[in-house]
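Inspection log for the structure reproduced underneath, given as structure tokens.
The values are calculated or read from the model by the stated rules, or taken from the named source; none is laboratory data. Keep in mind that this is a model prediction, so the values were computed, not measured. Note that each Cβ is placed from the backbone with ideal geometry, even for glycine, and that neighbours are counted across all protein chains shown.
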Amino acid sequence: MELAVGQVVVYGGHGAGRVVAKEQRGSGEARSEVVVLELAATLMVTLPVALAHECLRPLANEREIASVQRTLRTKAPVSDLVWLKRHKATRAKLSVGEAVGLAEVVSDGARRHHGDSARLSVSERELYLRARRLLADEIGHIRGIESAEAENWIADQLAHA
């Protein structure tokens, strides 16, 4: 993936952001090229280009968004893993930041959050809300809409489950 200034990319568990600069940093033999990324809430991240190629991915494409939609609409049973395993699996999906993985977290979290027998712990609720925000931000960038509209789209998909 080429990292051009102005390009929107996704940085794992941090979400979508825009490449705002490519610069040379350091001096002499320690000189290296870096990518400066502007993420939500004016967070700026500077990554060496080699690390950026490992950690950044392009926005999801329409095929992946269709998969996200199917995932959100699927009425799968709530995960029955014990809390610690479920928590680790959720954190792993968040750190990777793939759109379908985020949709899985949101789908399971929404069913667990609104279900009668299975509730979310405080930390699970925070992870669920973070996954939902990251997914809405990415969908907003892809579709050229505000995050609030993307959040409404997610809520509509969950309502169809």
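Scan the stretch 140-157 residue by residue and report those that are in a helix (DSSP H, G or I) and more than 11 Å from residue 106 (Cβ to Cβ). Explain how you work it out, then say what you get.
Let us first name the residues in the stretch 140-157 that are in a helix (DSSP H, G or I), namely 140-143, 147-157.
Within the stretch 140-157, 140, 141, 142, 143, 147, 148, 149, 150, 152, 153, 156 qualify.
What are the residues in the stretch 1-60 that are over 17 Å from the mean Cα position of the chain (by Cα) and of a type in the set (Asp, Glu), if any?
Passing the criteria: 2, 23, 29, 33.
Could you list, ordered by first residue, the pairs with Cβ atoms under 7 Å in which the first is in the stretch 132-161 and without any contact (Cβ under 8 Å) to a residue 24 or more places away in the chain and among the hydroxyl-bearing types (Ser, Thr, Tyr) and the second is part of a helix (DSSP H, G or I) and surrounded by 19 or more Cβ atoms within 10 Å (Cβ to Cβ), at least 6 apart or interchain?
Hits for this filter: 147/136; 147/137.
Could you run through the stretch 51-76 and say how many residues are of a type in the set (Val, Ile, Thr) and under 18 Å from residue 17 (Cβ atoms)?
So the answer is 0.
Out of the helices (runs of 4 or more DSSP H) lying entirely within the stretch 1-106, which hold 3 or more residues that are of a type in the set (D, E, K, R) and either out of contact with any Leu (no Cβ under 7 Å at 6 or more places or on another chain) or modelled with pLDDT under 95 (or both)? Don't jump to the end; show me each part of the working.
On the way: elements: 49-55, 62-73, 83-96.
Result: 62-73, 83-96.
Give the residue that is surrounded by the fewest Cβ atoms within 10 Å (Cβ to Cβ), with candidates limited to residues of the stretch 1-26 that are charged (D, E, K, R) and more than 22 Å from residue 102 (Cα to Cα).
2
Got at least one residue in the stretch 25-36 being of a type in the set (Lys, Arg) and under 30 Å from residue 129 (Cβ atoms)? Explain how you work it out, then say what you get.
As a first pass, look at the stretch 25-36 and keep what is of a type in the set (Lys, Arg): 25, 31.
Adding the requirement that they be under 30 Å from residue 129 (Cβ atoms) leaves none.
For the stretch 25-36, residues of a type in the set (Lys, Arg) and under 30 Å from residue 129 (Cβ atoms): absent.
Being surrounded by fewer than 20 Cβ atoms within 10 Å (Cβ to Cβ) and at positive phi is the filter here; which residues of the stretch 93-150 pass it?
The one that is surrounded by fewer than 20 Cβ atoms within 10 Å (Cβ to Cβ) and at positive phi: 144.
Output the residues belonging to the stretch 29-44 that are more than 21 Å from residue 139 (Cβ to Cβ) and crowded, with 16+ Cβ neighbours inside 10 Å.
Within the stretch 29-44, 34, 35, 36 qualify.
Can you list residue pairs whose Cβ atoms sit under 6 Å apart, with the first residue in the stretch 17-28 being closer than 20 Å to residue 139 by Cα and the second being of a type in the set (Lys, Arg) and surrounded by 12 or more Cβ atoms within 10 Å (Cβ to Cβ)? Count only pairs 6 or more apart in sequence or on different chains.
Hits for this filter: zero, empty list.
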